[in-house]
Amino acid sequence: MAPLVDLRRYSFPIVPIRLALGFAFVGGARLLGVTSGGSARLFGLGAFIFALAMLTSRRRRLFWHRAEEAKPIDAAAPVADWAWTISRSMFPSTLAMTALTALALPFNPALAALLAGVLAGMGVVGLVFAVELVLWERGRNSRLLATTGLKTELYVRPG
């Protein structure tokens, strides 16, 4: 079994990376001719649409129901280190959006500004999740851990 991922380590460090990428790409769109007003509107639209979709999704609600049913696990269970966890949190969503935005930038800077907003929206949603996670863990005096992959299992251990 691969080491478990500490969801707090998984969710907090990716936030500034996503925000920085979003702002860097919108800056690139500005340099390539998108007006300041246009780039701000497209950036805001991308961030808003992504955040709205994710924060109201069924999958998000189901996650917290699954968290309540997380299986207890021994405190000595192996947990992935910071570097592996951060690299895993970037794959595939952050890497894919970064690649798409980078590809769009020279050909359609306005589209790149919109996609930059999506990247920033991913950062905002990640921050919301991270704060909710800390509050959930503090309320239960525990840490939430997960397996990686398509079929994740949730585990809880004393915090």
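Within segment 10-68, if we keep just the residues that are in a helix (DSSP H, G or I), touching a helix residue (DSSP H, G or I) at 6+ places or on another chain (Cβ under 6 Å) and of a type in the set (Phe, Trp, Tyr), the residue that is farthest from Ala112 (Cα to Cα) turns out to be Tyr10. Quick check on segment 29-47. Is at least one of its residues in contact with a strand residue (DSSP E or B) (Cβ under 6 Å, 6 or more places away or on another chain) and polar (S, T, N, Q)? Scanning segment 29-47, I find no residue that is in contact with a strand residue (DSSP E or B) (Cβ under 6 Å, 6 or more places away or on another chain) and polar (S, T, N, Q), so the answer is no.
Return the residues of segment 87-129 that are surrounded by fewer than 17 Cβ atoms within 10 Å (Cβ to Cβ), of a type in the set (S, T, N, Q) and modelled with pLDDT of 95 or more; say none if nothing qualifies. Asn108 - this is the single residue of segment 87-129 that is surrounded by fewer than 17 Cβ atoms within 10 Å (Cβ to Cβ), of a type in the set (S, T, N, Q) and modelled with pLDDT of 95 or more. With respect to the conditions (1) at pLDDT 95 or above; (2) of a type in the set (Asp, Glu); (3) farther than 30 Å from Arg41 by Cβ, Glu132 falls short on a single one, namely (3). Taking segment 46-80 as the range and being in contact (Cβ under 8 Å) with a residue 60 or more places away in the chain, over 22 Å from Gly121 (Cβ atoms) and within 20 Å of the chain's Cα centre (by Cα) as the test, the residues that pass are Arg66, Ala67, Val79, Ala80.
The values are calculated or read from the model by the stated rules, or taken from the named source; none is laboratory data. Only a predicted model underlies this, so the values are computations on that prediction, with no experimental measurement involved. Because the Cβ atoms are built from the backbone with ideal geometry, glycine has one as well, and the counts that use them run over all protein chains shown.
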